[in-house]
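Chemist: After the structure tokens below, expect a handful of questions from me.
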Amino acid sequence: DNLLASGASNSEIYIWDLNNFNMPMTPGAKSQPPEDISVVAWNRQVQHILSSAHPSGKAVVWDLRKNEPILKVSDHSHRVCCSGMAWHPQLATQLVLSSEDDRLPVIQIWDLRFATSPLSQLEGHTRGVLSLSWCQADPDLLLSSAKDSRILCWDLCTSEVVYELHTPAQWCFDAQWCPRNPSVFSVASFNGRLSLYSVMDGSLEAQQKSQADKISSSFSPADPLGPGRHLLPLQVPEGVARGTLIPPLKKPPKWIRRPTGASFAFGGKLITFGHTKALVQLGQLMTSPQPVFISQVTTEAEFLARSQQLQEALKSGGLLDFCQKKIEAAQEPSEENVWNFLKVNLEPESRTERLKLLGCSKEDVQKKIASYLGNGALDKQPPPEVDGLVQTTPAIQGLENSTGEEASPAHFLDDLLPEGKPTLEITVSTDTDGLISQALLLGDFPSAVRLCVRAGRFADALILAVSRGERLLQETQKQYFAQKKTRTSPPRVQHSSFQGVSAGGQRFFLLKLLSAVVHRSWHDIVCMCDLQSWKEALAILLVYSRHKEYTKFCGT
């Protein structure tokens with residue numbers, strides 16, 4: 001840090017100790033033949049390596065420990081007049097040389113391990129190159145100034161120009177990157193001015209004003225070479241072109257790139273990335289493809305295990321067994337009901353299983369009816385007249401849309417319960433009406449007809465038989481005539497009630513149910529059914545309605 005190298009004519013090179021200027025050192029014997037030293041530069045990685053360049057195109061690398069030159073570099077195919085030289089910020093064996101000759105304004109990149117010829121050559125300037133500066137923050141960027149009044153920034157990976165600045169007023173004999181602010185560089189011109197620019201976009205005037213305000217903060221008063229006091233505010237030189245725009249870099253520099261990053265993805269995945277170290281291969285700074293790591297982050301182990309079980313069940317097709325295990329492991333009745341519902345939807349005969357889930361088992365109902373008929377129990381209710389049922393049916397049918405069109409969703413709730421009309425309550429008691437309702441819920445018309453005939457309600461029996469075909473109608477007719485032969489009077493009326501509903505009310509509800517089943521008016525069942533009888537209404541839809549009708553009414 002306390003050594004200063006200088007070069008002069010006659011191949012003179014001196015190394016000065018800043019603490020003692022009386023005894024300068026030399027790196028070794030003077031190179032022959034004697035000539036001017038155009039530039040000297042210290043190696044960025046190895047502190048005892050120094051290089052010097054001559055206008056003849058020769059560059060010499062000195063080892064201060066050995067006090068002698070260890071390598072000489074020269075392009076024999078082109079007579080390059082060396083005007084600038086710079087070492088790679090990270091690779092100790094690479095350096096660049098520039099040519100001041102207007103006939104060959106090139107920049108050559110050399111590797112000392114392959115010193116027979118340059119690795120690559122940059123051609124972009126139209127006149128001789130005057131200075132070079134290698135960016136410390138991004139080794140891929142090289143700055144050069146030339147006699148063509150242009151300052152170019154090169155991308156050494158692609159050998160392309162990624163930034164260009166025109167300085168038509170004067171030639172710029174030196175351009176250097178700022179060691180503290182990597183986006184800023186200084187330019188010294190022959191008119192005696194020192195200008196500051198930025199490789200980021202913006203106006204030329206705004207950048208110079210901004211840098212003039214901040215230049216004092218770049219130099220600490222504690223700097224051993226500083227004046228020991230704060231610098232005065234700098235003034236922007238007059239004559240600067242106003243409104244001049246500076247184009248930005250064509251690629252993002254390394255100092256503004258994200259060094260690392262992470263992002264969470266679905267399923268507990270964590271994606272991370274980070275920069276890898278540069279590798280030296282064939283004399284070039286090579287970077288391997290940047291890896292991206294995908295990790296599994298587990299915070300809920302139990303939830304993840306259940307998710308894996310579900311995924312396995314989906315792949316193997318064992319959803320029924322999966323639901324059954326969930327039913328057995330359920331701790332709450334509500335949870336068990338949910339898994340039961342999901343299971344019945346996966347059954348091949350889903351409608352039948354849904355009826356069982358609703359508590360409508362065909363076997364149980366048939367046992368109840370057989371026991372009821374075997375005991376000879378009869379409700380003491382008067383047989384309904386056919387005219388009475390016919391008068392009731394139009395009232396129920398009137399609830400349907402007269403045009404046959406689907407009601408508007410906006411008026412659906414208003415039309416559910418018309419004013420002055422009672423709701424439909426489907427009874428499932430153990431008397432005649434309840435058993436008939438249960439038989440109709442399951443589609444067991446023969447049992448419903450037998451119950452009606454046994455109770456002497458031949459009008460109901462005939463209506464049900466007609467709706468189910470000729471065979472049941474003939475059997476009902478036989479039962480009717482057989483009953484007429486054995487009974488000379490209808491059953492006596494006996495008033496009874498269940499669930500707070502009178503016998504007359506039960507009769508009214510049953511008539512509505514009969515009419516809805518015979519005429520397939522499922523809209524009446526859905527709209528007029530009491531909320532307490534939702535299971536029975538759903539059972540009727542499962543038994544009688546078509547798939548489209550079932551989907552429609554369940555959706556409403």
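To keep it simple, each residue is scored yes or no on (1) open to solvent by 10 Å² or more (accessible area, probe 1.4 Å); (2) closer than 22 Å to L4 by Cα.
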| residue | (1), (2) |
| --- | --- |
| Q45 | yes, yes |
| S52 | no, yes |
| A92 | yes, yes |
| Q108 | no, no |
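Chemist: Suppose we keep only residues that are hydroxyl-bearing (S, T, Y) and surrounded by fewer than 22 Cβ atoms within 10 Å (Cβ to Cβ) within the stretch 136-184. Which one would you say is farthest from W255 (Cα to Cα)?
Modeler: Residue satisfying both the conditions and the ranking: S149.
Rundown of residues vs (1) among the polar types (S, T, N, Q); (2) touching a helix residue (DSSP H, G or I) at 6+ places or on another chain (Cβ under 6 Å); (3) assigned to a strand (DSSP E or B), yes/no style:
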site: P55; (1), (2), (3): no, no, no
site: K72; (1), (2), (3): no, no, yes
site: S98; (1), (2), (3): yes, no, yes
site: A137; (1), (2), (3): no, yes, no
site: L143; (1), (2), (3): no, no, yes
site: I151; (1), (2), (3): no, no, yes
site: E164; (1), (2), (3): no, no, yes
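Chemist: Being over 15 Å from R44 (Cα atoms) and among the hydrophobic types (A, V, I, L, M, F, W, C): is that true of L152 here?
Modeler: So L152 passes the test.
Chemist: Is it fair to say V449 is more than 60 Å from the chain's Cα centre (by Cα), open to solvent by 80 Å² or more (accessible area, probe 1.4 Å) and either at pLDDT below 65 or not acidic (D, E) (or both)? Can you show your working first?
Modeler: Details: more than 60 Å from the chain's Cα centre (by Cα): yes; open to solvent by 80 Å² or more (accessible area, probe 1.4 Å): no; either at pLDDT below 65 or not acidic (D, E) (or both): yes.
It is false that V449 is more than 60 Å from the chain's Cα centre (by Cα), open to solvent by 80 Å² or more (accessible area, probe 1.4 Å) and either at pLDDT below 65 or not acidic (D, E) (or both).
Chemist: Does any residue of the stretch 56-65 turn out to be touching a strand residue (DSSP E or B) at 6+ places or on another chain (Cβ under 6 Å) and closer than 18 Å to F173 by Cβ?
Modeler: No, the stretch 56-65 contains no residue that is touching a strand residue (DSSP E or B) at 6+ places or on another chain (Cβ under 6 Å) and closer than 18 Å to F173 by Cβ.
Chemist: Can you find a residue in the stretch 19-37 that is in contact (Cβ under 8 Å) with a residue 12 or more places away in the chain and of a type in the set (F, W, Y)?
Modeler: Checked the stretch 19-37: no residue is in contact (Cβ under 8 Å) with a residue 12 or more places away in the chain and of a type in the set (F, W, Y).
Chemist: Within the group C172, C178, which residue is under 18 Å from I256 (Cβ atoms) and in contact (Cβ under 8 Å) with a residue 40 or more places away in the chain?
Modeler: C178
Chemist: Something else: Condition (residue is exposed (fewer than 14 other Cβ atoms within 10 Å of the Cβ) and over 26 Å from R546 (Cβ atoms)) applied to the stretch 338-347: is it met by at least one residue?
Modeler: No, the conditions are met nowhere in the stretch 338-347.
Chemist: With the structure loaded, tell me whether P24 is open to solvent by 20 Å² or more (accessible area, probe 1.4 Å) and within 20 Å of D75 (Cα to Cα) or whether it fails that test.
Modeler: In short, no.
Chemist: So how many residues does the stretch 411-431 have that are modelled with pLDDT of 70 or more and in contact with a helix residue (DSSP H, G or I) (Cβ under 6 Å, 6 or more places away or on another chain)?
Modeler: Result for the stretch 411-431: 4.
Chemist: Could I ask something else about it? Scan the stretch 257-271 and tell me whether some residue there is modelled with pLDDT under 80, part of a strand (DSSP E or B) and surrounded by 13 or more Cβ atoms within 10 Å (Cβ to Cβ).
Modeler: So far as the stretch 257-271 goes, no, none of its residues is modelled with pLDDT under 80, part of a strand (DSSP E or B) and surrounded by 13 or more Cβ atoms within 10 Å (Cβ to Cβ).
Chemist: Right, something else. I'm checking my understanding of the structure. Among residues of the stretch 501-531 that are polar (S, T, N, Q) and surrounded by fewer than 21 Cβ atoms within 10 Å (Cβ to Cβ), which one is modelled with the highest pLDDT?
Modeler: Per the stated criteria, the residue is S521.
The values are calculated or read from the model by the stated rules, or taken from the named source; none is laboratory data. Note that this is a predicted model, so its numbers are computed, not measured. Cβ atoms come from the backbone with ideal geometry, glycine included; neighbour counts cover every protein chain shown. In case anyone asks, the SASA skips ligands and DNA or RNA and just uses the protein heavy atoms, side chains included. Shrake-Rupley method; radii C 1.70, N 1.55, O 1.52, S 1.80 Å.
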